[in-house]
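The values are calculated or read from the model by the stated rules, or taken from the named source; none is laboratory data. Everything numeric here is computed off the predicted structure, so don't read it as measured data. Using ideal geometry, Cβ is built from the backbone for each residue, glycine included, and neighbour counts are taken over all protein chains shown.
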Amino acid sequence: MASLEEASEHAPTIAPRPTEDRALRVLVVAGSQRRHNSCPGLDSKARALMLRMAARLPAAWQIDTEDLGNQHGRPKIQACNACVSSSMALCVWPCNCYGPRSTTQPDLMWDLDLYGRLARADAWAFIGPTNWYGPSTNFKLMFDRLVCAAGGNPRPDLIDKKDTLKAQALERSPQWRRLTRNHLEGRTAAFFTYCDGGANELGEDGRPQLVQRKDWFDPGQEPYQDERLAYQGLVWQCRYSGIEVPDRLWTAGVFGEGKPYADDQADDMMAETDHVAEFDAWVDAFITHVALKGIVATKDDEQAAKSTTNV
């Protein structure tokens, strides 16, 4: 683990801390779609790594964990309705397109109180797979719904909840400049994504063995060589929302390269000690950075993340 002195060289200038005297709060989220207790019936690597990270974090910290896995019968994260495209003031913080315990539009973001838990924590860690050069569906949906954290309207009463014309008028008014803010500004976010390097499906030419016509594309022209870039959209969304993602807390790992999928499960992953050590090093860097930075979240942040709708 890096020392606090070494970490300070990378740390940004920190605004004065809140005056609360409490333990640091960390939220760790696993973003795989795999179900834990039904089809496919095997645990995800993301969940296994989430639990490993939680066990390595300091005992004095308050650790909150969540697995976004596609549990049978559980509500899903509803899609973003792109309110921002009509007016930034129509995009309400926290999202009021949906609400908790809805019978018509059940939404996991609200049923798990993810807005409140994100606001309550000083730092977050996101762990998930790379799926076809991008983040998991669960993470993409979650971050789409977090667009409201970047400048969203904290006063839905001023627009009668969802009146587009009133929202557009508010956005043009001087009052809007006093209202709009980055609601989760200052948190630390860390990202660890993992892939299998093509498992055992690639031939010596770098192309999938099943592809018959291989002359019409060059695997050397794939979107990126650095696997962490699969999550670049989520990272830059955080950064443009005032949420700090240090480069050293944004990384990728490879598990199961060259193996059939049947031999690349969570238990198999733990046997790849060199690669697991890379994950542990990411966790250690997270601990050092968050400990140095200290408390960020306030009681007001958490209160502001309460639902304003009964949809």
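Within segment 269-311, the set of residues being among the charged types (D, E, K, R), touching a Gly at 6+ places or on another chain (Cβ under 8 Å) and either modelled with pLDDT of 95 or more or exposed (fewer than 15 other Cβ atoms within 10 Å of the Cβ) (or both) comprises 278, 306. The residues of segment 255-311 that are within 24 Å of residue 21 (Cβ to Cβ), of a type in the set (Gly, Ala, Ser) and assigned to a loop (DSSP other than H, G, I, E, B), listed by number, are 294, 297, 305.
Is it the case, given these coordinates, that residue 230 is free of Cβ contacts under 8 Å to residues at least 12 places away in the same chain and assigned to a helix (DSSP H, G or I)? No; evaluated as a whole, the condition is false for this residue.
Considering (1) touching a Phe, Trp or Tyr at 6+ places or on another chain (Cβ under 7 Å); (2) of a type in the set (S, T, N, Q); (3) within 24 Å of residue 127 (Cα to Cα), the lone condition that residue 307 does not fulfil carries the number (3). Tallying residues that are among the small types (Gly, Ala, Ser) and within 22 Å of residue 32 (Cβ to Cβ) within segment 85-132 yields 4.
So, in segment 173-188, of the ones that are assigned to a helix (DSSP H, G or I) and of a type in the set (A, V, I, L, M, F, W, C), which residue ends up nearest to residue 94 (Cα to Cα)? Step by step, filter segment 173-188, then rank; the result is 179.
Looking at the structure I just gave you, is residue 164 out of contact with any strand residue (DSSP E or B) (no Cβ under 7 Å at 6 or more places or on another chain) and of a type in the set (Ser, Thr, Tyr)?
For residue 164, the condition - out of contact with any strand residue (DSSP E or B) (no Cβ under 7 Å at 6 or more places or on another chain) and of a type in the set (Ser, Thr, Tyr) - is met.
When the helices (runs of 4 or more DSSP H) confined to segment 104-172 are screened for residues that are hydroxyl-bearing (Ser, Thr, Tyr), those reaching at least 1 such residues are found at 114-120, 137-145, 164-172. Hey, could you check segment 98-150 for residues that are over 25 Å from residue 83 (Cα atoms) and among the aromatic types (Phe, Trp, Tyr) and say which is surrounded by the most Cβ atoms within 10 Å (Cβ to Cβ)? Here the residue is 126. The number of residues in segment 40-62 that are among the small types (Gly, Ala, Ser), part of a helix (DSSP H, G or I) and in contact (Cβ under 8 Å) with a residue 40 or more places away in the chain comes to 2. Restricting segment 238-266 to residues that are touching a residue at least 24 places away in the same chain (Cβ under 8 Å) and acidic (Asp, Glu), the residue that is surrounded by the fewest Cβ atoms within 10 Å (Cβ to Cβ) is 257.
The condition (being without any contact (Cβ under 8 Å) to a residue 12 or more places away in the chain and over 28 Å from residue 248 (Cβ atoms)) is satisfied by just one residue among 274, 300: 300.
Quick grid of which residues meet (1) crowded, with 16+ Cβ neighbours inside 10 Å; (2) closer than 29 Å to residue 265 by Cα; (3) modelled with pLDDT of 95 or more:
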site	(1), (2), (3)
152	yes, no, yes
165	no, no, yes
171	yes, no, yes
174	no, no, yes
186	yes, no, yes
192	yes, yes, yes
196	yes, yes, no
204	no, yes, no
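How many residues does segment 63-89 contain that are among the polar types (S, T, N, Q), at pLDDT 85 or above and part of a loop (DSSP other than H, G, I, E, B)? Total meeting the criteria: 4.
Every listed requirement among (1) surrounded by 17 or more Cβ atoms within 10 Å (Cβ to Cβ); (2) over 20 Å from the mean Cα position of the chain (by Cα) is met by residue 78 save one, (2).
Here residue 13 qualifies as under 22 Å from residue 286 (Cα atoms), at pLDDT below 95 and not in a strand (DSSP E or B). Determine if segment 108-116 includes at least one residue that is charged (D, E, K, R) and either within 20 Å of the chain's Cα centre (by Cα) or closer than 30 Å to residue 225 by Cα (or both). Yes, segment 108-116 contains a residue that is charged (D, E, K, R) and either within 20 Å of the chain's Cα centre (by Cα) or closer than 30 Å to residue 225 by Cα (or both). Enumerate the pairs (first residue in segment 97-109 and under 18 Å from residue 66 (Cβ atoms); second residue anywhere and assigned to a loop (DSSP other than H, G, I, E, B) and among the acidic types (Asp, Glu)) with beta-carbon separation below 6 Å, excluding pairs fewer than 6 apart on the same chain, so at least 6 apart or on different chains. Listed pairs, sorted by first residue: 98/107. The condition of being within 25 Å of residue 186 (Cβ to Cβ) and not basic (Lys, Arg) holds for only one of 100, 135, that being 135.
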